[in-house]
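Chemist: For reference, the structure I am asking about is given below.
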Amino acid sequence: MLGGDFADKDCSSYKVKKEGYHRALKDGKLSYSSIKNLIVFMESKGMILEELTKDTLRRLKITGYLGKLKLYKCRGNRSWKGLVVGFPGAIQDLTPEYIGTPYLRKILYPILDLYINLNKGENLPCLYILGRRFNEVFLRKFRFLNTLIPHVIILSEDLIKSAKRKKHEVQNSQSSPRKEQYYQSMLCEVMRTREGLKIYTTKNKHLNIGYLSHEFSTVQGTKRRERLDILGYELDDHSLIAFEIKGPEANKVEMENLFFQGMEHRDWLEENKMAIKFAFDGPRGQRIHARKRVKLVLGFFDDSVIERFDKLRAQAIRKDRYLEIYYVKLNEFAPIQIH
């Protein structure tokens, strides 16, 4: 499974629960394997990471809670230079139960202060947050930094695993044409071709969609991460595309939720498109243009929802006039024009 929701085998979690994240960090009881893997990945993308020494941190008056995290200055491509903050630990160690809001409040301003101090010598447009996996409570505390720092980039091992994943066939691609996986497989196969998957949006305009991934982990659900059916990109303008589908066996409730599921995935991609570009494309890659808005494509068989989707789309665009939402009917293994 993509970005697997498997249990991390690290045994540090019980210590964290008993002592708190900061104490476990201070006592060296957390695993650094995820941080090491993410650093190696960043270096494979052409970036140069220099760990900030204790002398540097003392000179900048960075001590206490923040000083125990892994801190680096990232150099290389000038648009991607920045401060790197690594959070050691397994999946369980980074949950609200262990890491806690009080701890996060104690490090937010020091992170911003360190970023500002490092920027006095050179322009560093990015702040990277590294870790095994981050939940919504954790990320919410860092969102306000987007108003103060040009790019806050969350790099998790889930995202890196998705980017490294080989482009093998979608599972169950030989299943019955009544199954959703059948159409997911067919769509991905066409998207992998040089020409991509062509979807007509009007009589004279169309999208050409290339393949990036499938069953792509996005937002954290109540028990596990939600998964986007297909992650693609537009071959012409290089925008990211969230492609969510429902097969011919989808029931009424599933069809009614298609629009909301797609929007949830699309909004997550919009918020994290810099991280996605870095992971899939690298700083010098040409497939993904991070300044382009993420598009949403919904694929389905049931004609009865078209009028309802029209109303939902119109309402969404009234709130965001740059939003692009397209939906297509899947017919005989290929999408045909609907809207």
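The numbers here are math on the coordinates, done by the rules we state, and not lab data. Remember, it's a predicted structure, so these values are computed and weren't measured experimentally. When we count neighbours, we look across all protein chains shown, and the Cβ atoms used for this are built from the backbone with ideal geometry, even at glycine.
Chemist: Taking θ = phi - 60°, what integer Hz values does the Karplus form 6.51 cos²θ - 1.76 cosθ + 1.60 yield along region 116-124, in sequence order, with x for Gly and Pro?
Modeler: Those phi angles translate into 5, 5, 5, 6, 5, x, 7, 7, 10 Hz.
Chemist: Further, regarding this structure: Amide H to amide H, which residues 5 or more places from Lys198 or on other chains are under 5 Å from it, using H placed in the peptide plane?
Modeler: Counting only residues 5 or more places away or on other chains, the set is Ile209.
Chemist: What value, in deg cm²/dmol to 500, does the helix sum -39500 (n - 2.57) over DSSP H runs of n ≥ 4 give at 222 nm once divided by the residues of the chain?
Modeler: It lands at -11000 deg cm²/dmol.
Chemist: With θ set to phi - 60° and the Karplus curve 6.51 cos²θ - 1.76 cosθ + 1.60, what are the ³J(HN,Hα) couplings of region 304-318 in order, to the nearest whole Hz, using x for Gly and Pro?
Modeler: Here the 3J(HN,Hα) series is 5, 8, 4, 4, 5, 5, 4, 5, 5, 5, 4, 5, 5, 6, 4 Hz.
Chemist: Output the pairs from Lys120/Lys319; Lys45/Lys120; Lys61/Lys164; Lys73/Lys141 with a Cα-Cα distance over 30 Å in this structure; if there are none, say none.
Modeler: Lys120/Lys319; Lys61/Lys164
Chemist: Here is a further query. Label region 167-336 by shape, choosing from rounded, prolate and oblate, from the square roots a ≥ b ≥ c of the eigenvalues of the Cα gyration tensor; if a/c is under 1.5 it is rounded, and otherwise prolate applies when a/b is larger than b/c, oblate when it is not.
Modeler: The shape class here is rounded.
Chemist: Given Ser79, Thr56, Pro110, which one lies farthest toward the positive end of the charge dipole of the chain, if we put +1 on the Cβ of every Lys and Arg and -1 on the Cβ of every Asp and Glu?
Modeler: Value: Thr56.
Chemist: Still on this structure: Taking the alpha-carbon distance from Lys292 and a cut-off under 14 Å, which aspartates and glutamates remain once sequence neighbours fewer than 8 residues away in the same chain are dropped?
Modeler: Candidates past the 8-residue exclusion: Glu234, Asp236, Asp237, Asp267, Glu270, Glu271, Glu324.
Chemist: Moving on. For a footprinting-style exposure proxy, rank Trp80, Trp268 by other Cβ within 10 Å, fewest first.
Modeler: Trp268, Trp80
Chemist: For region 167-336, calculate the relative contact order in percent as a whole number, restricting contacts to Cα pairs under 8 Å that are 6 or more residues apart.
Modeler: 19
Chemist: A further question follows. Go through region 43-57 residue by residue and turn each phi into a ³J(HN,Hα) via Karplus (6.51, -1.76, 1.60, θ = phi - 60°); whole Hz please, and just put x for glycine and proline.
Modeler: 5, 5, 8, x, 8, 10, 10, 10, 5, 6, 6, 4, 5, 5, 5
Chemist: Can you bin the chain into rounded, prolate or oblate? Criterion: square roots of the alpha carbon gyration tensor eigenvalues sorted a ≥ b ≥ c, rounded for a/c under 1.5, prolate for a/b above b/c, oblate for the rest.
Modeler: It comes out prolate by the Cα gyration axes.
Chemist: Quick check on the chain: of the DSSP beta bridges with both residues there, what percent are antiparallel, nearest 5%?
Modeler: Bridges in the chain that DSSP calls antiparallel: roughly 55 percent.
Chemist: Right, another one. Looking at region 13-162, send over the antiparallel percent of its DSSP beta bridges, to the nearest 5.
Modeler: Of the beta bridges lying entirely in region 13-162, close to 45 percent run antiparallel.
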